[in-house]
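Engineer: Below you will find the structure I want to go over with you.
We did not get these values from a lab; they are worked out from the coordinates using the rules stated. What you are looking at is a predicted structure, and each value in this text was computed from that prediction instead of being measured. Glycine also receives a Cβ, built like all others from the backbone with ideal geometry; neighbour counts cover every protein chain displayed.
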Amino acid sequence: MKKYTWLTILTVLVLTFGSVFTAQAMIIPPQGEGQIGIQAVVMHNELPVYETADASSKVVETLQTGSVIILMNQENGWAECCLSDDVDGAPAGWVSTEGLLVDTAWYMTNEETPVYAWNDTEAPVFEVLEEGTLLPILNNDGEWLVVSLNGASAWILKTEADIASEAD
């Protein structure tokens, strides 16, 4: 009888510690305004940064899909931006807000994670993401997340941990 009791206790401990030390994916909520502005993600390739809030002004930088910038002042469809969150960083110029995803939530993978063409595990897999990949969330749709992957929308099936963390 004692043999089975110890075996049961050992099994419970292994399961308990195994679940405690299992890496979990993270859904990082929007952060809101920081010290110098609000975070935005570039959603289309080659977004020009202009010297002034005017498309006819000089282009000072070109941003790629997935670039993260800080928006400081917004007016009439334009935003003054900084290319880093360094409080001493100078504004880089102005961007059109049409190509931006502003103050979004993020998804960080905890293991290799398949990304599907639509919300079905039988759908084609776009890519298998490595552990620690960070993607902006476009929509939270029940058991699925719609994320931006290289400028396209893609679907990730939430894990049990993701669903449990949302309930907290």
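Engineer: Do we have any residue at all in segment 63-74 that's under 17 Å from residue 33 (Cα atoms), surrounded by 13 or more Cβ atoms within 10 Å (Cβ to Cβ) and touching a helix residue (DSSP H, G or I) at 6+ places or on another chain (Cβ under 9 Å)?
Structural biologist: Yes, segment 63-74 contains a residue that is under 17 Å from residue 33 (Cα atoms), surrounded by 13 or more Cβ atoms within 10 Å (Cβ to Cβ) and touching a helix residue (DSSP H, G or I) at 6+ places or on another chain (Cβ under 9 Å).
Engineer: Got a sec? Which strands (runs of 3 or more DSSP E) wholly within segment 62-111 have at least 1 residues that are on the phi > 0 side of the Ramachandran plot and in contact (Cβ under 8 Å) with a residue 40 or more places away in the chain?
Structural biologist: Values: elements: 68-75, 78-82, 93-96, 100-102, 106-108.
Fully inside segment 62-111 and qualifying: 93-96.
Engineer: Going by the structure shown, is residue 146 closer than 17 Å to residue 41 by Cα and in contact with a Leu (Cβ under 8 Å, 6 or more places away or on another chain)? Before the answer, list the steps.
Structural biologist: Working: closer than 17 Å to residue 41 by Cα: yes; in contact with a Leu (Cβ under 8 Å, 6 or more places away or on another chain): yes.
Yes, satisfied.
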